[in-house]
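Following: one structure in structure tokens, then a few remarks.
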Amino acid sequence: MVNIRNLTDLEQQIKEDFTHLNIPKKSWMIPRNHLENEKNHIDVAIIGAGMSGLALSLALYTEGINAIVFDQCKEGEEGPWKNTARMETLRSPKQAIGPALSFPSLTFQAWFKAQFGQEHWELLDKIPRLQWHDYLQWFKKVTQPYILYEHNLIDLNVGEKGSTLYFKNLANGEIQTYMSSHTILAMGIDSFSSPNIPTFMNNVSNHRWEHAYHRSNYHKFKNLDIGVIGYSAGAMDSSATALECGAKSVEILCRCKDFPRVNRGKVAFNSGYLNSYPYWSDQQKWDFNYYLKQERTPAPHGSTLRVSHHKNAYFNFDEHVVSVKEYQNKIHIQTKKHHFIFDYLILATGFSLNWSKYSWLSYIRDHTKQWKDQYISNELPDNSLSQAPYLTTNFEFIAKSKQLDSDFSRLYCFNYSASLSQGPLVGMISGVEHGAPHLAKAISHKIYLDSFDQYINKVKHSEDFELEGNEWEVTLPYVTRQS
Ligand SMILES: Cc1cc2nc3c(=O)[nH]c(=O)nc-3n(C[C@H](O)[C@H](O)[C@H](O)COP(=O)(O)OP(=O)(O)OC[C@H]3O[C@@H](n4cnc5c(N)ncnc54)[C@H](O)[C@@H]3O)c2cc1C
């Protein structure tokens, strides 16, 4: 065991841990380009180098599978942490394991203690957002996934042997094509979703409003009266940031009569829930997710206090927006009860599934099952749940027609839109340490079965001799030796 006094020691410990676990595993795969005789043929492509992509890449690596990860952003810009996220700290507990999977030395906790010591760890309440980003950057350095940055997936065609992936290389503008046997869509919370813009915004030009997820510099709100619609964590983060940037006032307009108080999703979290969820019946999944939606998730305690300690922050409940109009350089909001006037409006109204977001996604929508194709709840109808992808327990899409079955069985949905099918195994930090190994094992299993004959032939023709033939001599016949 290394005595860990700094990150260099921790990195040495990680090397030892990998050695003790025989990682990297013996290479076992027959490279696809040998089988298919094709250039640019890769076994496993992960789209997205955020936390989920990194965790999956590590989980595959521990199975002896080297994936290629693609991300549209520049190195160091992955995920929401440095751009659209505005919270001071993560909601998750500081002990969250996430992409570290089952490697103690790869955890945030180990990384933090190696640099700042046990005493500071005890004093730490929640993980600061930017520190989580720094941790993920370090995580990449020590786990060394193969990442191609500035590769924006612009098209995807599924076929019997895998997917053809088209990327725009954002560094040089070239279009690059890869043929991938297994493709994982790990593009984050908005992979298949777009900001939800309520219909009351339909005729309002976008000069004086934006969605909370919009990349924007809140210093522009200095001395302005700001309205924020929503009650979520995002609403609190936007409100607090606007106030800290000098907004004159922030009025938060909530449709609900009160904030939700209990985070039911968090309460549900335990090993039994994580291990069993993919195997729940359709009705169990639907009913529970319907319940979670009705209960709603409260904004974190700290995020709410971050707003409420400002004297110019106002919480308005039971405010149902009737109309929004822009005139005389102001936004006028009429609710059922009041008339509000703002300089600028922020919509913290979440995301909704948008299958038309990309043309390749529309193709997936048209040819694979959604929940409405498989399970309909007449008692608890919900349009957004019914549009969610209906996946196998291994995150695979399921073709609507038998002919396309094998095409889609190598395309995996490893992002938040898989939540109804896969529950806590996707999208959140504390689920990814279960989801990534689960998916990695499923892919390993499929790679082997896909080329079963070749793998068995390799065994039959192996020249990995245990015995050379010179370890013994054939003895004289037993009878001869008795005389
Ligand atoms: C504001 C915010 C706060 C959150 N706080 C918490 C929290 O406290 N606790 C918790 O458990 N979870 C939290 N989450 C949820 C979740 O942990 C994060 O969304 C996390 O970033 C998910 O990781 P990911 O890898 O799935 O997605 P991301 O980190 O978003 O990574 C996806 C990557 O895909 C890339 N990409 C997207 N489209 C393409 C494309 N077409 N081509 C190539 N690359 C592409 C993106 O550039 C990005 O780097 C939060 C989410 C948000 C948005």
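Of the accessible area of the stretch 190-254, with the probe set at 1.4 angstrom, what percent is carbon plus sulfur?
47 percent
Take each of the peptides 123-131, 348-356, 421-429, average the number of other beta-carbon atoms within 10 Å over its residues, and list them starting from the highest.
The densest-packed peptide leads the list: 421-429, 348-356, 123-131.
Using mean Cβ contacts within 10 Å as the protection proxy, how do 316-325, 431-440, 363-372 order, highest first? Mind showing how you got there, number by number?
Values: 316-325: 15.0, 431-440: 24.2, 363-372: 17.7.
Result, highest mean Cβ count within 10 Å first: 431-440, 363-372, 316-325.
Setting aside same-chain residues fewer than 8 positions from K369, which lysines have a Cα under 19 Å from its Cα?
Partners within reach: K285, K357, K400, K402.
State the number of lysine pairs found in the stretch 146-278 whose Cα atoms come within less than 29 Å, restricting to pairs 8 or more positions apart or on distinct chains.
Summing the qualifying lysine pairs gives 4.
Return the aspartates and glutamates within reach of K140: Cα separation strictly under 16 angstrom, same-chain partners fewer than 8 residues apart disregarded; answer none if there are no such residues.
Partners found: E11, D71, E75, E77, E78, E433.
On C-alpha positions alone, give me the angle between the axis of helix 282-295 and the longest principal axis of the chain, in degrees, nearest 10.
The helix 282-295 is inclined about 30 degrees to the chain.
With every protein chain present, what is the per residue accessible area of the chain (1.4 Å probe, Å²)?
Value for the chain: 51 Å² per residue.
Which percent, nearest 5, of DSSP beta bridges in the chain are antiparallel?
Percent antiparallel among DSSP bridges in the chain is about 50.
How far is helix 429-450 tilted, in degrees, relative to the longest principal axis of the Cα atoms in the chain, given as a value from 0 to 90 rounded to the nearest 10?
The answer is roughly 40 degrees.
Mind ranking 396-406, 166-176 by how tightly packed they are, going by the mean number of other C-beta atoms within 10 angstrom, highest first? Let's see the in-between values first.
Working: 396-406: 15.8, 166-176: 12.8.
Taking the mean over residues of other Cβ atoms within 10 Å, the ranking is 396-406, 166-176.
Angle, helix 129-143 long axis vs. longest principal axis of the chain, Cα atoms, 0 to 90°, nearest 10?
Value to nearest ten degrees: 10.
The values are calculated or read from the model by the stated rules, or taken from the named source; none is laboratory data. It should be emphasised that the depicted structure is a prediction, and the values quoted were computed from it without experimental measurement. Heads up, the Cβs are rebuilt from the backbone with ideal geometry, glycines too, and the neighbour counts pull from every protein chain shown. Only protein heavy atoms, including side chains, enter the accessible area calculation; ligands, DNA and RNA are left aside. Shrake-Rupley method; radii C 1.70, N 1.55, O 1.52, S 1.80 Å.
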